[in-house]
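Data block below; observations after.
A short reminder: the numbers here are calculations on the coordinates, not readings from a lab. These numbers come from a predicted model, not from an experiment. Here the Cβ positions follow ideal geometry from the backbone for every residue, glycine too, while neighbour counts run over all protein chains shown.
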Amino acid sequence: MQKQLYYQMQWPKDNLFIACCAHELYNYRYHWHNYEYEIDILLKGKAEYCCGQNTYYLEENDVIFVNPKVWHASFAREENSKALVIRFSDSAFKNFLKKDEHLIFDLPPSDSSTRDSAIYRRLRYYASMLLTSMDGDSPFQKLTAKASFEMLLSTLCESGPRTVKPADVNKRSRETMSRMIKFIEQHYMEKLSLDDIGQYTHYNRTYVSTLFKNTVGINFHDYLTKVRLSNAIFQLAVTDKNMTQIAVDCGFSDLKTFNHRFREIFGYLPAEYKQRLSPIHVVQLRDQQIYVSPDDVPTMNKLKEFVAPL
């Protein structure tokens with residue numbers, strides 16, 4: 001099997017997880033991470049990033065940061081577009097915060113006026129050091145990886161993150177929330193309401209609504225819409241179904257509603273999105289990613305460029 005630029009590191013005692021990779025960008029994969037932050041750095045090409053309610057257009061060397069619980073997706077606007085991606089658990093900051101506190105970063109994506117500023121140059125530097133040092137079994141490389149990651153965190157914190165404390169959610173409530181999300185994933189194509197979720201979990205709709213908002217960060221109906229859109233994005237890319245059929249199969253009441261919700265999030269109609277897809281540039285599996293090989297000379301040169309003296 002060909003070697004890939006994809007690595008993971010874990011520190012079980014700290015409940016800390018890091019995934020670091022370089023991959024090719026294709027069609028949208030609309031998703032979220034419950035307890036993980038993500039940093040994307042465009043290594044080559046041009047890309048469109050839908051993050052929360054906003055769409056950003058990134059070019060080579062641009063950096064975008066995604067907080068936990070924020071829905072996001074990327075789309076290649078140019079063939080052979082590639083990105084360096086780092087995901088890490090929010091427990092990375094737990095030693096510096098009070099119990100149950102979390103950090104929210106308001107660092108905006110870089111653009112032509114900011115991409116060469118100190119904070120983005122340093123983020124690229126430490127991200128590149130992290131990725132390249134995770135390759136190999138030498139304990140010294142692992143030491144470099146850990147140090148690079150800690151400097152990456154330190155650089156992020158210079159942006160002035162906000163400290164937030166979510167509503168207290170006990171273990172039983174978290175388990176209930178997990179069951180709700182699984183139920184939605186299995187029944188998103190049906191007509192679902194808070195009453196349906198309440199009946200399934202044996203709680204009243206008011207409790208379900210509050211628990212959902214406190215745990216996920218958005219209300220039930222918004223979450224359901226995003227799950228439906230995530231599945232619609234996939235069907236638009238890999239099926240020949242017409243727009244109405246996709247709308248119905250993904251749980252939207254009609255094409256008009258589907259069009260409205262899609263444009264509200266992505267900025268254009270589903271049919272327009274489908275027209276933008278290149279048949280040879282579509283990932284056919286739901287969670288598939290195409291990782292870059294260490295033998296990819298342009299990518300490795302770009303990583304070396306990032307670690308040039310600051």
Counting only DSSP loop positions in the stretch 1-47, the trypsin sites (Lys or Arg not before Pro) whose Cβ has at most 12 other Cβ atoms within 10 Å are 3
Selection from 132, 89, 206, by position along the positive dipole direction of the chain (Cβ): 206
Could you please state, rounded to a whole Å, how far the C-alpha centre of the stretch 136-192 is from the C-alpha centre of the stretch 74-109? 9 Å
For an R0 of 41 angstrom, estimate the FRET efficiency from the Cβ-Cβ distance between residue 213 and residue 268 and round to the nearest 0.05. 0.90
Set the Förster radius R0 to 30 Å, insert the Cβ-Cβ distance between residue 164 and residue 142 as r into 1/(1 + (r/R0)^6), and round the FRET efficiency to 0.05. 0.40
Decide, for the stretch 57-151, between rounded, prolate and oblate: order the square roots of the alpha carbon gyration tensor eigenvalues as a ≥ b ≥ c, take rounded if a/c falls under 1.5, and otherwise choose prolate if a/b is larger than b/c, else oblate. oblate
Ranked list, fewest to most other Cβ atoms within 10 Å of each Cβ, for 181, 86: 181, 86
Tell me the relative contact order for the chain as a rounded percent, counting alpha carbon contacts under 8 Å between residues six or more apart. 21 percent
Packing-based exposure ordering (other Cβ within 10 Å, fewest first) of 138, 148, 193: 138, 193, 148
Got the relative contact order for the stretch 171-277 handy, in percent, Cα pairs under 8 Å and 6 or more residues apart? 22 percent
Test of understanding: what is the full-extension gain from residue 288 to residue 154, defined as 0.36 nm times their sequence separation minus their Cα-Cα distance? 45.1 nm
Net charge around residue 85, counting only other residues with Cβ within less than 12 Å of its Cβ (Lys, Arg = +1; Asp, Glu = -1)? -1
I'd like to know which of 11, 113, 157 lies farthest towards the positive end of the charge dipole of the chain, counting +1 on Cβ of Lys and Arg and -1 on Cβ of Asp and Glu. 11
Between residue 301 and residue 6, the two model label points (7 Å from Cα along the beta-carbon direction) sit apart by a distance in nm of 2.6 nm
Using the number of other C-beta atoms within 10 angstrom as an exposure proxy, rank 209, 117 with the fewest first. 117, 209
Per 0.36 nm of contour for each residue apart, how much would the distance between residue 57 and residue 181 grow if the chain were fully extended, relative to their Cα-Cα spacing? 41.5 nm
